[in-house]
Amino acid sequence: MILKKQKELKKILISIFVFIIISLAISYCTNMKVNALEEEKNEVSQIEPQYKGDCEDESIDFSEDIVVKIIEKMDSSLDINFINKFDEVDENNKPYYSIELSVSGNLHKIKSIESVLNDLNLNYKIENMDIKNPKNEKGNEKNYVDCIMTFKVI
């Protein structure tokens, strides 16, 4: 009976020993991977990012871009909030630009944007023009408005 208990005790001790060895091996492998990842993280964090901007492609010539031409011809007293240009295709598969322009300034100068489009000899159609009186510090100026206009250039 004592021999049976000793044999069972040996089996239990061997099982515990094998479990400990396997656990140590797995722990060692995991620690190696964690250390390698931490070293890689430190290397990456030490390198300074070199942001070149969204439009850092010297092969693109922006001088012929319609948006750049419009901005150059607009009155400098107008505040440009944003300009979005979308390349679209109509129902006849003809390409055109849809341009959304948001400006703030004197109402008479905003109305002159149409003459800018005419001066550029653009085939355009104003689809929407939303003019609002702003409620900010410049809103007290006479004829100062915010305008969002959308036009289509074929």
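Is it the case that ASP87 is at pLDDT 85 or above, in contact with a Pro (Cβ under 7 Å, 6 or more places away or on another chain), open to solvent by less than 60 Å² (accessible area, probe 1.4 Å) and not in a helix (DSSP H, G or I)?
On the way: at pLDDT 85 or above: yes; in contact with a Pro (Cβ under 7 Å, 6 or more places away or on another chain): yes; open to solvent by less than 60 Å² (accessible area, probe 1.4 Å): no; not in a helix (DSSP H, G or I): yes.
No.
Here are SER27, SER15: which of them is more than 26 Å from the chain's Cα centre (by Cα), at negative phi, at pLDDT 90 or above and open to solvent by 70 Å² or more (accessible area, probe 1.4 Å)?
Values: SER27 fails: open to solvent by 70 Å² or more (accessible area, probe 1.4 Å).
Exactly one residue qualifies, and that residue is SER15.
Considering only residues that are under 16 Å from THR150 (Cβ atoms) and either open to solvent by 70 Å² or more (accessible area, probe 1.4 Å) or not in a helix (DSSP H, G or I) (or both), which ones fall in region 95-110? If you could, list the steps in order and put the result at the bottom.
In the first step, residues of region 95-110 are kept if they are under 16 Å from THR150 (Cβ atoms); the result is 96-103, 110.
Answer for region 95-110, where residues must be under 16 Å from THR150 (Cβ atoms) and either open to solvent by 70 Å² or more (accessible area, probe 1.4 Å) or not in a helix (DSSP H, G or I) (or both): TYR96, TYR97, SER98, ILE99, GLU100, LEU101, SER102, VAL103.
The values are calculated or read from the model by the stated rules, or taken from the named source; none is laboratory data. Please read all numbers here as calculations on a predicted model, not as lab measurements. Counting neighbours? That spans all protein chains shown, and the Cβs are built from the backbone with ideal geometry, glycine included. Heavy atoms of the whole protein, side chains included, go into the accessibility calculation; ligands, DNA and RNA do not. Shrake-Rupley method; radii C 1.70, N 1.55, O 1.52, S 1.80 Å.
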